[in-house]
Amino acid sequence: MGTFTQISRPLYRLFISREENCTMRCDLHVHSIASGMFNAPGLNRICRECYTDPAEVYERLKRMGMSIVTLTDHDSIDGAEPLRQHADFFLSEEVTVRMPSGTEMHMGVYGITERDHAEIQRRRNDFIALLMYLTERKLFFSANHVFSGLTGRREAEDFHWFESYVPAFETRNGQMWPKSNESAARLAARLGKIAIAGSDSHTIAGVGLTFTEVRGARTVDEFLAGLRTGHGRIHGAHGSCGKLTADVFSIVWSLFWDKPWTLAMSPLAVLVPAFTAGHWLNEIRFCRKWSSAIERGEKRKRMLWDLDSSFEANWAS
């Protein structure tokens, strides 16, 4: 029934009764130690992006009331191995994608297989080739933290690609400035995109605080079908500079514990608040720049990749 109910909203409503079944919740953006090394120069050889064990992430998510669990580690599914025993776990990842403009973006891809992962990684430096594969496999995917500068510069062309081909936007990210999330939500509503939410937590403290809910779903397939047909609802916390600072301190402490010789650099920890404040100000600047440019609503020429809206909706399903 999974594929059948993904075709249209009326069929979903017919076969998935929101009144008679439970509500399912899932944090659709969460990391573990499998996310690899921090990508900043000087730290990419010694410090991980996350030090949380996958099993610890799973237990925390269940305590936080998540019905089903996934990990979205950066370009990796290694963290899934110890969680395969759980019937409520499904495979996903956050893919670092090279756009046609030469910029990078983070894309969440959900409900994948090991073979999908291998093919996604093979194509991730070619956005068009990746889109072709995701379309063929009918995989659900999203543009994550749309108005964030985490992946570097952005070009106007990138947003045109998002508009034409990406079915879902992450409209609430538990690490992002609230205005960034609000701008993503407005853009998603304007373009008719599916809205999803996740904590984007790289420490145990934030896991499960931001999540997506689908009423009436009973299985992972029904949950994803609910997302595709627009029945998802976003909930939970936004980010803040204070929250980010606490998370960075937590990662620094884990680094000291993991590599005791790095304690020699502990005096540099006093610079963490300045680092996170600078990052936060850059995020505000990035969001204001691009949300303002997009919300001005200038007309643009129709591009070759533009699709008819009805066709795009069927494709996204």
(Q) How high is the relative contact order of segment 138-226? Use alpha-carbon pairs under 8 Å, at least six apart in sequence, and give a whole percent. (A) 25
Q) What does the accessible area of I251 come to, in Å² to the nearest 10, when a probe of 1.4 Å is used? A) 30
Q. Between S292 and T96, what FRET efficiency follows from the Cβ-Cβ distance if R0 is 22 Å, with the result rounded to 0.05?
A. 0.25
Q: Give the accessible surface of segment 128-179 per residue, rounded to a whole number of Å², with probe radius 1.4 Å and ligands, DNA and RNA excluded.
A: 33
Q. To the nearest 0.05, how large is the calculated FRET efficiency for S164 and R122 if R₀ is 25 Å and r is the Cβ-Cβ distance?
A. 0.60
Q. How large is ³J(HN,Hα) for each residue in segment 43-48, as worked out from phi by the Karplus curve 6.51 cos²θ - 1.76 cosθ + 1.60 (θ = phi - 60°), to whole Hz, x for Gly and Pro?
A. 10, 6, 9, 10, 10, 7
Q) According to a simple spin-label model (label point 7 Å from Cα along Cα-to-Cβ), what is the distance in nm between R218 and I46? A) 5.4
Q: Using only the alpha-carbon atoms of the chain, report the extent along each of the three principal axes, biggest first, to the nearest angstrom.
A: 61, 48, 34
Q: Can you tell me the 0 to 90 degree angle between the C-alpha axis of helix 114-123 and the longest principal axis of the chain, rounded to 10?
A: 80
Q.
Below 8 Å between Cα atoms, with a sequence gap of 6+, how large is the relative contact order for segment 129-287 in percent?
A. 23
Q | Spin-label pair L268/F249, simplified geometry with 7 Å Cα→Cβ offset, distance in nm | A | 1.9
Q | Where segment 181-299 is the region considered: accessible area per residue in Å², 1.4 Å probe | A | 48
Q.
I'd like the accessible area for H238, computed on protein heavy atoms only with a 1.4 Å probe and all protein chains in place. Round to 10 Å², please.
A. 60
Q) In the chain, carbon and sulfur make up what percent of the accessible area (probe 1.4 Å)? A) 56
Q. Considering the chain as a Gaussian network with a 10 Å cut-off on Cα pairs, which listed residue, I120, I128, I68, attains the greatest mean-square fluctuation?
A. I128
Q. Could you give me the ³J(HN,Hα) list for segment 218-232, computed from phi with Karplus coefficients 6.51, -1.76, 1.60 and θ = phi - 60°, whole Hz, x at Gly and Pro?
A. 10, 9, 4, 4, 5, 5, 5, 5, x, 4, 4, 9, x, 9, x
Q) At what distance in nm do the modelled label points of W257 and C241 sit from each other, each positioned 7 Å from its Cα along Cα→Cβ? A) 2.8
Q) Taking only C-alpha pairs under 8 Å that are 6+ residues apart, what is the relative contact order of the chain in percent? A) 21
**Q.** Share antiparallel - DSSP beta bridges, the chain, percent rounded to 5
**A.** 65
(Q) Given Cβ point charges of +1 (Lys, Arg) and -1 (Asp, Glu) and nothing else, what value in debye, to the nearest 20, does the dipole of the chain about its Cα centre take? (A) 880
**Q.** Helix-only [θ]222 nm of the chain, DSSP H runs n ≥ 4, -39500 (n - 2.57) each, per residue, nearest 500
**A.** -12000 deg cm²/dmol
Q | Rounded to whole Hz, the Karplus (6.51, -1.76, 1.60) HN-Hα couplings of segment 158-163, x for glycine and proline | A | 4, 5, 5, 5, 4, 4
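The values are calculated or read from the model by the stated rules, or taken from the named source; none is laboratory data. In this text, all values refer to a predicted model and were calculated from it rather than measured experimentally. Ideal geometry is used to build each Cβ from the backbone, glycine not excepted, and the neighbour counts take in all protein chains shown. For accessibility, only protein heavy atoms count, side chains too; no ligands or nucleic acids. Shrake-Rupley method; radii C 1.70, N 1.55, O 1.52, S 1.80 Å.
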